[in-house]
Structure formats: structure tokens, C-alpha cells
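Beneath this line is the structure, given in C-alpha cells, with notes to follow.
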Amino acid sequence: MTAVGIDAIEIWTGKLQLDLPGTFAPAKGEDPGKYTKGLGLETSSFPDAYEDIVTMGANAAKRLIDRKGLDPQDIGRIDVATESAFDNSKPVSTYIAGCLEQVYDDDFHHANKGERKFACLAGTQAIDDAYNWIKAGRNRGRAALVIATDTALYARGDPGEATQGAGAVAMLITEDPSVVELSTEQGYGSADETDFLKPNQQFPSVDGKRSMQVYLARMREALTDFESVAWDAHPDDFAYVPFHTPFPGMVRKAGLLGYRHMIRDTEIEDALEGRIGRQPREEDFDDWEAYEEAIRAYMDDLKETEEYQSWYADTIEPTLDIARRVGNWYTGSVHVARASALRRAAENDRDLAGKKLLVASYGSGAQAEIHAETVADGWREEIEAANVEDQLQRRYDLSYEEYEGVHDRHNHDMDVEMEKFTQPEGEFVFTGWGRMSERKYDYVE
């Protein structure tokens, strides 16, 4: 059976950054450690005055198309995943295709275009759609372009404000991919939840405590469901486990939960029994509260073991490198985590070909999806060509007053003009509004 997966990845980060411990924390009168140690964040990325979800997505896509030597006829599908859309009818993919048609001789009139929405899960769902399209033989030999692009803003003063971020991830889905092959098996955990939502509003309504609980519950269900159709996962099965990362502190909880689940009835649990006991089993308790209390105590002990800490340092920590510096990209978050892990492996000259990743995606509302990916032979060349470090280094460092202006500029309910902080070059830019209130874009050489 022909392999289908990700053939190339490109990342485009917003051109501005906010230093959380150095700028945000002092302005809020808070301990910098709340952000660096608690949330696990250092800086957040934001769009400049001429940037938005269309420009970031189009710029990531153009870099990918140019680097791979493609033209529009090579791409038969363009799917955009976002929860930052500004139109309830016209999909962002059409805007992005329109941008790209400004710079290529051919057009994308032949390409199927759409927009995916399920909070932060939508990027993975768009990849699933592309996978199914290719596997069904409906692609006519063409590739699919999946773009996850978001500007994650919270209301000023909201507890989630420090986790903001903006950027795009473009991914090429093909047969015989160079980066990772997607597994056929997937696991899901889904329920009707109101942990995080945007009912006809730009800024989210969030129940923070509930959101954490739902995230972990759906992840646990998805892992169990994945195992029901694949195999019983073991910590040693995976080189890396990229999670949806609204902030790295949340992944610390998810990583511990996943590790506990995977070591159950294994030699690892046996080896730990003499120090922390065996995991509590629900059937040994008369009531749920007592069982949950025992589980929490076990996980507190498990977190301190050398076995878990070593696994987390090797398997989870490398997925968080970029997230610490850009914040939450919503639909792009888990795909940034994958790229971060591969980037760390390349820097350490690690041979990953043939190794597996366990990718854990999540979207509020709520659904988790877990699937495996096998790293392909060409992964190193592809990930090294996606030069995200240069972008991160060149971001303009905002003062707190400048950040307030940027926030207002990108607030859909405000009409705020703002001078640009950086000079666009070789990229798409937002230029204003058309006669039907559509957004207009140009390419700046």
C-alpha cells in the first residue's frame, strides 16, 4: 500500500514578539516565573500592521511551493484550518489562493478549496481529509496543501492573555512523503463541551479549570481508542510525542497522564512497584472519589521518578522548543510541536528514519485525535530547509505600550491604524478593504 503523509513543512511566524518575563510580567506587576516556570513560555508572537491569517498562511505556502519547485498544477487541494476566520461564508483558502495567483503564471482554479473548523484540532482534521482524498484515488496525481493559520488573541486582562500567539504552518500532503508517513489507525475522544468557545465573538470565552480537565479526559479516551485499533502503546515505541500545546505547562500534565497509561501492566510498572506501588485499579475501590484520590497520589509519586523524568526529557521536552518562543497558534500548535521535535533531532544529529511519533491533537468543544507517524528518509533535509530560527531571531521586540497598540489593531471590533514595525520584503501584505468589505492583499517584492 502506498504511503501517504507530510512531504514538506514551512512555518511563518508573526513578525513581532512580546517578552513575557521581561516586558509583560513587569507591566502586570507579576512574578516573571509565573510565565517561564508556570506556563513554560518566554515570548509570544504577533502580526505586524500588514499581517493577518491570510498573509501568514500565503507566505508559508509560497515558501513551501518555491522550495519544492512546484507550480499550481501540482496542487489539487487547498485546505485552511483556522479559528480566526473573519468571514462566515468565503473561506480563507480562497484568499490565500488569490494571493498565490499574483506571483505564479498559472492559477488554482482547478483546486478544491475549503476551510476546516474544530478549534485547534482543525489542522489535523484537514490533514486527515487530504489523506483520505489521496487514498481514495481522487487526487489525479496531485498533492494537497494544508495550511493552519491563526492569530490567537484574548481579551486584555484575560488569564489566557499570556498564551497568545500568531503564525502559520503549511504542509504538503503527498504519496511517498519525505517527512512522515501517516498511520491508517486513529483514535478519538469526543464530547459536547463548553470549555472554550467563541459564540460570534473574536475573543474566546474560557473556563480554564474545566478546559484542562476536558483536554486530559479527551486525550485519555483518544489514546484508549487508538490502542483498540492499533496496538497497546508503550513509552519506548515513540521517538517523540507532540501534543497540542496551548502552553507547555499543559503538556506537562498530558505527558504524565499518557506515560501512566502506557506503563500499566508493563515491565516499567513492575520495576516501579517497590518504590511507588502499582497503579490503583478502579475495580479495587468502592467509590469514584476514593479511586481518583489514589490516582492523584500515584501520579504525584510517578512524576518524581527517574524513569518518567528521563522519558519526558527525551520524548516530550524537545517538542516544546518553538512553542516556548511563539505562544499558542491554535490550529498550528501540534504541527509546530512536530516540527520542533524534528528540528531538535536534526540539531543533535539523531537518526530518526523509521522511528515513530505519536501525535496528540486536541480541539476545544471538544475532541482529541491520536495517530502514529513513521519518520521518512528525507525528514532531515526537509526540516533543515524550513528555517524558522532566522524568523524568530528577526522579530521586533515590542514594548508593553506597543503591544497594547498591536492588540487593538488586530481586534476586529476596533478600527485602529498603526505604523508598521518591520519592513515587508518578498511577502504578501494586507493593504485594506474592497467595495464589499473584503480584505485586499498585494505582494511586496
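If I model a spin label as a point 7 Å beyond the Cα along the Cα-Cβ vector, how far apart are those points for Glu381 and Tyr291 in nm?
Between Glu381 and Tyr291, the simple spin-label model gives 5.2 nm.
Do you know the relative contact order of the chain, to the nearest whole percent, from alpha carbon pairs under 8 angstrom that are 6+ apart? Numbers along the way, then the final one.
Values: 930 pairs, mean separation 111.9, N = 445.
So the answer I get is 25 percent.
Which one of Gly434, Gly189, Gly354 has the biggest mean-square fluctuation once the chain is modelled by GNM with Cα springs under 10 Å?
Gly434
For segment 8-113, evaluate the Debye formula with one uniform point scatterer on each Cα (no solvent term) and list log10 I(q)/I(0) at q = 0.12, 0.16, 0.19 Å⁻¹, rounded to two decimals.
Evaluating at q = 0.12, 0.16, 0.19 Å⁻¹ gives log10 I(q)/I(0) of -0.55, -0.79, -0.95.
Scan segment 15-80 for GluC sites (Glu not before Pro) in coil per DSSP, keeping those whose Cβ has at most 16 other Cβ atoms within 10 Å, and list them by number.
Numbers: sites: Glu30, Glu42, Glu51; in loops: Glu30, Glu42, Glu51.
Loop-located and lightly packed - Glu30.
Against the longest alpha carbon principal axis of the chain, how many degrees, from 0 to 90 and to the nearest 10, is the axis of helix 333-347 turned?
Result, in degrees: 80.
Using a Gaussian network model of the chain whose springs link C-alpha atoms within less than 10 Å, name the residue from Thr36, Thr13, Thr55 with the highest mean-square fluctuation.
Thr36
Compute the Kirkwood hydrodynamic radius of segment 189-289, taking the inverse of the mean of 1/r over all pairs of distinct Cα atoms, and give it in Å to one decimal. Kindly include the intermediate steps, with their values, before the conclusion.
Details: mean 1/r = 0.0627 Å⁻¹.
Its Kirkwood hydrodynamic radius stands at 15.9 Å.
Starting from the eigenvalues of the Cα gyration tensor, five times each then square-rooted, give me the equivalent ellipsoid semi-axes of segment 353-445, largest first, whole Å. List each step's numbers first, then the result.
Working: eigenvalues 248, 89, 55 Å².
That gives 35, 21, 17 Å for the three semi-axes.
Which value at 222 nm does the chain reach when only helices count, each DSSP H run of 4 or more adding -39,500 (n - 2.57), with the total divided by all residues and rounded to the nearest 500 deg cm²/dmol?
Working: 14 runs with 160 residues, N = 445.
Helix-only estimate at 222 nm: -11000 deg cm²/dmol.
Mind ranking 148-161, 339-352 by how tightly packed they are, going by the mean number of other C-beta atoms within 10 angstrom, highest first? Walk me through the numbers on the way to the answer.
Numbers: 148-161: 20.1, 339-352: 18.1.
Highest-to-lowest ranking by the protection proxy: 148-161, 339-352.
Normalise the Cα radius of gyration of segment 80-188 by 2.2 N^0.38 Å (N = residues in it) and let me know the number.
1.21
For segment 122-270, I need the span (max minus min coordinate) of the C-alpha atoms along each principal axis, in Å, sorted largest to smallest.
Cα spread of segment 122-270 along its principal axes, largest to smallest: 50, 47, 27 Å.
Using a cut-off of 16 Å between alpha-carbon atoms, which aspartates and glutamates can reach Lys113, once sequence neighbours fewer than 8 places away in the same chain are excluded?
Leaving aside aspartates and glutamates fewer than 8 places away in the same chain, those within reach of Lys113 are Asp74, Asp79, Asp87, Glu101, Asp128, Asp129.
Taking the solvent-accessible surface of protein heavy atoms with a 1.4 Å probe, what is the per residue accessible area of segment 82-196 in Å²? Numbers along the way, then the final one.
On the way: 4470 Å² over 115 residues.
Per-residue value: 39 Å².
For q values of 0.10, 0.18, 0.23 Å⁻¹, compute log₁₀ I(q)/I(0) with the Debye formula on a Cα-only model of segment 245-347, without solvent.
For the requested q values the scattering log ratios are -0.36, -0.89, -1.14.
In whole Å, how far is the Cα centre of segment 110-151 from that of segment 376-445?
What the calculation gives is 23 Å, centre to centre.
Can you put Tyr215, Tyr188 in order of accessible area, largest first, using a 1.4 Å probe?
Values: Tyr215 0, Tyr188 95 Å².
Correct descending sequence by accessible area is Tyr188, Tyr215.
Round to a whole number: what % of the accessible area of segment 147-265 belongs to carbon and sulfur, probe 1.4 Å? Write out the running numbers ahead of the final one.
Numbers: 2010 of 4420 Å².
After summing per-atom areas, the C and S share lands at 45 percent.
Structure shown: which of Lys90/Lys117; Lys28/Lys198; Lys34/Lys209; Lys15/Lys37; Lys303/Lys356 lie over 19 Å apart, alpha-carbon to alpha-carbon?
Where the Cα-Cα span goes over 19 Å, the pairs concerned are Lys28/Lys198; Lys15/Lys37; Lys303/Lys356.
How are the C-alpha pair distances of the chain spread across 10 Å bins, as whole percents from the shortest bin up?
Percent of Cα pairs in each bin: 4, 22, 32, 26, 12, 4, 1, 0.
The values are calculated or read from the model by the stated rules, or taken from the named source; none is laboratory data. Just so you know, these numbers come straight off a predicted model, no measurement behind them. Backbone-built Cβ (ideal geometry, glycine too); neighbour counts: all protein chains shown. Ligands, DNA and RNA are excluded from the accessible area calculation, which covers all protein heavy atoms including side chains. Shrake-Rupley method; radii C 1.70, N 1.55, O 1.52, S 1.80 Å.
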